[in-house]
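Accompanying notes for the structure given below.
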Amino acid sequence: MTQDAEMDALVRARIRGLRLAKGWSLDDLAARCYLSPSTLSRIETGHRRIGLDQLTAIARALGASLDSLVETGGDEVVIKPHHHPERGITTWVLDHEPGGKGLTVARMRLTRPPSRDPQAMGVHPGRDWFTVLSGTVELLLGERSIIVETGQAAAFSTMIPHAFGARGGPAEVITILDHDGERLHLDT
């Protein structure tokens with residue numbers, strides 16, 4: 001199967017899958033995107049080429065973006081950890097929007113306390129958010145030290161100099177970072 005044929009089959013399967021997930025018949029979707037049920041049936045089964053105007057109407061009716069219908073996504077299912085032993089951090093990037101847009105969701109295992117060096121504390125536009133899965137995290141916000149324990153969460157402006165790390169043993173967190181936060185917390 002060629003790459004174009006694989007993409008074509010993927011788009012058709014996504015259209016059908018989204019339609020069925022919504023509990024819609026061909027008639028239901030056809031009425032929402034102003035195509036005939038037979039045209040939609042032939043599109044889903046591969047017996048008709050999909051025009052851009054049709055794909056746009058179908059995507060809009062399904063509440064999906066064109067990007068989501070045609071994205072190939074990687075073959076990577078297993079997420080490998082990135083170890084930063086010098087920082088005492090292991091990171092698993094769970095979800096990431098490439099191109100510096102959107103948010104990154106990551107799981108982090110922290111083994112070192114936060115650096116109290118003012119030059120090591122990050123400052124960037126946006127907000128950070130994390131919830132502690134296990135252990136205890138010390139969050140430094142400017143001059144303040146805040147203890148965040150298992151089951152608790154923290155959200156803060158990243159325009160305040162900040163750092164976080166483990167307190168009294170390893171800790172694990174799920175964190176949501178904007179582009180600047182990703183660069184600061186994951187790439188450095």
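The values are calculated or read from the model by the stated rules, or taken from the named source; none is laboratory data. Quick caveat, the model's predicted, so the values are computed rather than measured. We place every Cβ from the backbone using ideal geometry, glycine too, and count neighbours over all the protein chains shown. Surface areas here come from the heavy atoms of the whole protein model, side chains and all, with no ligands, DNA or RNA. Shrake-Rupley method; radii C 1.70, N 1.55, O 1.52, S 1.80 Å.
Some observations on this one:
- Apportionment of accessible area to carbon and sulfur, the chain, percent (1.4 Å): 53
- Geometric descriptor of the chain, per residue, is 152 Å³ (volume of the convex hull of the Cα atoms).
- Among V123, V11, V148, residue whose mean-square fluctuation peaks in a GNM of the chain (springs only between Cα atoms under 10 Å): V11
- Choice from P170, P113, P37 showing the highest fluctuation, given a GNM over the chain with Cα pairs closer than 10 Å: P37
- Residues of the chain: accessible area per residue with a 1.4 Å probe, Å²: 59
- Helix-only CD estimate at 222 nm, as mean residue ellipticity for the chain, using -39500 (n - 2.57) per DSSP H run (n ≥ 4): -9000 deg cm²/dmol
- Label point at R49 placed 7 Å out along Cα→Cβ; residues across region 1-30 whose backbone nitrogen lies under 20 Å: 1-13, 15
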